[in-house]
Amino acid sequence: MSKKTVQKSKKRTTRTNKKRTSGVKANTVVEATSITSEKTTVEPKETSEKVVAAESASAVKTAPAKKATTKKATAAKSTTATSKKAATAKSETTTEKVAAKTTSTKKTASTKKATTKKTTAASKKTTTAKVKSVKSETPVEPKPIEVIQEVPVEKSQPIDLGPRRSVAFIGSECYPFVKTGGLGDVMSALPKSLAKLNMDVKVIIPRYKCIPQKFQEKMEYKGSFYIDLCADGKQYYVGIMEYQEDGVVYDFIDNDEFFSWGNPYTNLIDDIPKFCYFSKAALAALNYLNWTPDIVHCHDWQAALVPLYLRTSFKDTNVGRAGAVLTIHNLRFQGIYDRKTIQYWSDLPDYVFNKDCMTQNWLDANMLKGGITYCNKLTTVSNTYAGEIQTEEYGEGLEEHLRYHSSKILGIVNGIDTDIWNPATDKLLAAQYDSQSVIKNKKANKKALQESLGLEVDDHKIVIGLISRLTNQKGLDLVNDVIPSIMDEHTQVVVLGTGDAMYEDAFRYYENKYKGNFCAYIAYNENVAHNIYAGCDALLVPSRFEPCGLTQLISMRYGSIPIVRETGGLKDTVQPYNLFDNTGNGFTFDRYESGLLYDAINRAKTLYFENRKYWDEMVVRDMNKDVSWQQSAKQYKDMYVELTPKY
């Protein structure tokens with residue numbers, strides 16, 4: 001039989017079969033459609049089998065339709081064999097091919113109402129496409145039909161942040177509004193960390209005129225009232241301005257008579273009335289706002305009268321139910337002044353002015369001493385300092401009083417705000433870096449620091465930084481003694497800060513004497529501070545006493561090795577370097593002697609020049625150290641919960 005004859009026979013057979021089995025194909029379409037429209041999970045194999053079964057049934061019904069000639073029958077058999085092969089191939093195809101067949105079947109069904117010729121032509125094209133798709137290994141894939149599968153979704157368990165408490169922070173300064181020292185940093189970073197631990201936090205500070213205008217403009221007026229302040233009943237205005245950021249509410253006590261000065265602290269004669277007013281106005285503001293905290297957390301002597309007011313003037317109010325926590329940031333400053341003056345301005349009852357509470361040296365009153373007596377918990381900013389203040393050397397005259405109240409003393413070391421102090425994102429640096437790139441990029445910052453401060457640009461010299469208030473507490477008398485001994489052709493020193501005139505003049509003298517290797521930046525500049533932390537190799541913190549200290553924490557964060565005296569928070573945060581097992585994160589000395597400081601600096605220089613590999617390993621180790629508020633904030637929260645159990 002010729003090839004042309006077979007092809008004509010196939011065409012005639014196909015047209016005849018399509019006409020006679022149009023009803024059967026309609027049924028097949030309905031069945032296939034019902035299968036794919038199900039929205040339950042359908043296994044691809046089962047779907048393929050159903051479609052194949054439908055097509056097989058169609059082939060069986062078509063066979064006995066009419067008796068044809070022998071040639072036609074032979075062609076029909078050939079067609080049936082081809083259908084069987086196609087069915088076998090289809091049963092092995094994926095879900096996407098099943099979807100393609102169903103789609104083409106739908107198109108055939110939609111043309112049922114057309115003329116017979118059109119139906120025959122469409123059927124012919126469909127059959128040809130099917131045969132080609134079977135023979136071809138790479139068919140054109142149509143848009144797949146979406147099969148919805150119900151997959152069980154695991155419910156994410158909520159993170160348990162523990163019980164919720166409300167805390168009001170009351171202090172004299174808070175960064176970025178106003179800052180003179182570490183208190184401003186703590187009042188800023190600790191509340192934000194507590195807010196992340198499911199705490200409701202409010203910060204109350206005075207509205208000084210020195211607060212930047214960009215913050216003043218965003219403050220919202222919340223109300224005003226008058227309070228009786230003095231013993232003679234004199235009244236003073238209290239305005240409340242509010243500002244919100246990072247989940248913390250900041251309330252500012254507004255009064256031009258007390259806070260119109262440019263600086264937060266002026267002199268004790270003016271500061272005593274100012275902070276007597278502030279302590280009372282802050283508690284009155286909480287009552288006015290109808291915001292009752294579980295804990296009132298006050299800081300240093302400027303807010304030390306808050307616990308006394310809670311238990312006297314405000315004991316019958318809502319805020320009077322709050323627990324009182326007092327934190328000592330520096331015991332040297334206590335708010336000691338004439339007893340009669342403090343008694344007049346505070347209007348506190350006579351019974352608190354006794355030797356066990358407010359009175360000191362018979363004629364004076366001590367505001368911090370009164371706060372220690374009346375608070376529920378007394379905290380210091382490091383564990384070592386909590387023990388030191390109970391000794392004669394560090395007790396500042398209150399060691400006996402503190403030993404009497406030792407059961408409520410708790411030391412919790414400070415952290416730093418790792419969002420602000422982050423060399424990886426610090427825009428003030430010449431080159432940003434992390435613990436992986438510190439060794440390379442710190443050199444660029446060192447060069448930029450040398451250029452900006454007029455030092456000789458030399459990467460082979462060790463740069464030692466000093467960022468501090470220039471006072472005797474910071475160990476500057478020791479620094480003054482050792483500078484002539486440590487200055488050589490391999491050493492540079494950078495000093496940043498203001499303070500006592502004797503130290504300012506001494507450092508200016510050294511700058512003139514060691515031109516190109518010594519810089520005395522007598523001011524406080526935040527931008528320069530960031531660049532010193534990033535550009536220097538080591539940082540000096542040789543304090544006589546140090547409640548906590550933040551400079552050594554920041555220096556480690558920026559990969560600068562701290563050289564510190566083992567006291568207070570410096571001892572708690574810096575572990576001395578051990579050459580034999582290559583451990584530790586800084587260089588330390590114990591007794592307050594210039595010779596020991598000189599030895600510690602020389603040990604640092606020796607490691608830097610003779611074993612740079614170990615030095616670089618310590619730099620990376622310091623950068624990976626956790627100096628954030630995360631752990632410290634958890635300790636504070638645990639303390640709050642312990643003070644205010646709720647059943």
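The values are calculated or read from the model by the stated rules, or taken from the named source; none is laboratory data. In this text, all values refer to a predicted model and were calculated from it rather than measured experimentally. Virtual Cβ from ideal backbone geometry, glycine too; neighbours counted across all protein chains shown. Surface areas here come from the heavy atoms of the whole protein model, side chains and all, with no ligands, DNA or RNA. Shrake-Rupley method; radii C 1.70, N 1.55, O 1.52, S 1.80 Å.
For this structure, a couple of remarks:
- In the set Ser555, Ser543, Ser594, only one residue is of a type in the set (S, T, N, Q), open to solvent by less than 10 Å² (accessible area, probe 1.4 Å), at pLDDT 95 or above and over 24 Å from the mean Cα position of the chain (by Cα); that residue is Ser543.
- Selection from the stretch 615-636 of residues that are assigned to a helix (DSSP H, G or I) and farther than 30 Å from Ala168 by Cα: Trp615, Asp616, Glu617, Met618, Val619, Val620, Arg621, Asp622, Met623
- The stretch 504-520 - residue that is assigned to a strand (DSSP E or B) and over 18 Å from Gly475 (Cα atoms) and, of those, farthest from the chain's Cα centre (by Cα): Phe518
- Scanning the stretch 415-435 for residues that are small (Gly, Ala, Ser) and open to solvent by less than 30 Å² (accessible area, probe 1.4 Å) returns Gly415, Ala431, Ser435.
- Yes/no for Val248 being among the β-branched types (Val, Ile, Thr), on the phi < 0 side of the Ramachandran plot and either surrounded by 23 or more Cβ atoms within 10 Å (Cβ to Cβ) or in contact with a Cys (Cβ under 6 Å, 6 or more places away or on another chain) (or both): no
- From the list Gly371, Gly397, the lone residue that is open to solvent by less than 40 Å² (accessible area, probe 1.4 Å) and either of a type outside the set (S, T, N, Q) or more than 24 Å from Gln473 (Cα to Cα) (or both) is Gly371.
- Within the stretch 621-637, residues that are in contact (Cβ under 8 Å) with a residue 40 or more places away in the chain and crowded, with 18+ Cβ neighbours inside 10 Å have Cβ atoms under 7 Å from residues that are of a type in the set (Lys, Arg) and assigned to a helix (DSSP H, G or I) in these pairs: Met623/Arg557; Val627/Arg557, counting only partners at least 6 apart in sequence or on another chain.
- For Lys605: the one exception among (1) open to solvent by less than 40 Å² (accessible area, probe 1.4 Å); (2) in contact (Cβ under 8 Å) with a residue 40 or more places away in the chain; (3) under 26 Å from Ile412 (Cα atoms): (3)
- Applying the criterion of at least 2 residues that are within 30 Å of Thr498 (Cα to Cα) to the strands (runs of 3 or more DSSP E) found wholly in the stretch 153-246 leaves 166-170, 200-206.
- Under the condition of being in contact with a His (Cβ under 9 Å, 6 or more places away or on another chain) and open to solvent by 10 Å² or more (accessible area, probe 1.4 Å), the residues counted in the stretch 324-359 number 2.
Rundown of residues vs (1) open to solvent by 10 Å² or more (accessible area, probe 1.4 Å); (2) outside any helix (DSSP H, G or I), yes/no style:
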site	(1), (2)
Asp270	yes, no
Tyr277	no, no
Leu283	no, no
Asn287	yes, no
Asn290	yes, yes
His297	no, yes
Gln302	yes, no
Tyr309	no, no
Asp316	yes, yes
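- Residues in the stretch 580-614 that are in a helix (DSSP H, G or I), over 13 Å from Ile561 (Cα atoms) and in contact with a strand residue (DSSP E or B) (Cβ under 8 Å, 6 or more places away or on another chain): Leu596, Leu597, Asp599, Phe609.
- Scoring Gly320 on the criteria (1) out of contact with any strand residue (DSSP E or B) (no Cβ under 6 Å at 6 or more places or on another chain); (2) surrounded by 20 or more Cβ atoms within 10 Å (Cβ to Cβ) leaves a single failure, condition (2).
- Yes/no for Thr138 being hydroxyl-bearing (Ser, Thr, Tyr), farther than 20 Å from Tyr640 by Cβ and either open to solvent by 50 Å² or more (accessible area, probe 1.4 Å) or at pLDDT 95 or above (or both): yes
- Exclusive hit being in contact with a Pro (Cβ under 6 Å, 6 or more places away or on another chain), among the polar types (S, T, N, Q) and part of a loop (DSSP other than H, G, I, E, B), set Asn354, Asn330: Asn330
- Identity of the residue in the stretch 251-263, among the charged types (D, E, K, R) and at pLDDT 95 or above, that ends up most open to solvent (accessible area, probe 1.4 Å): Asp254
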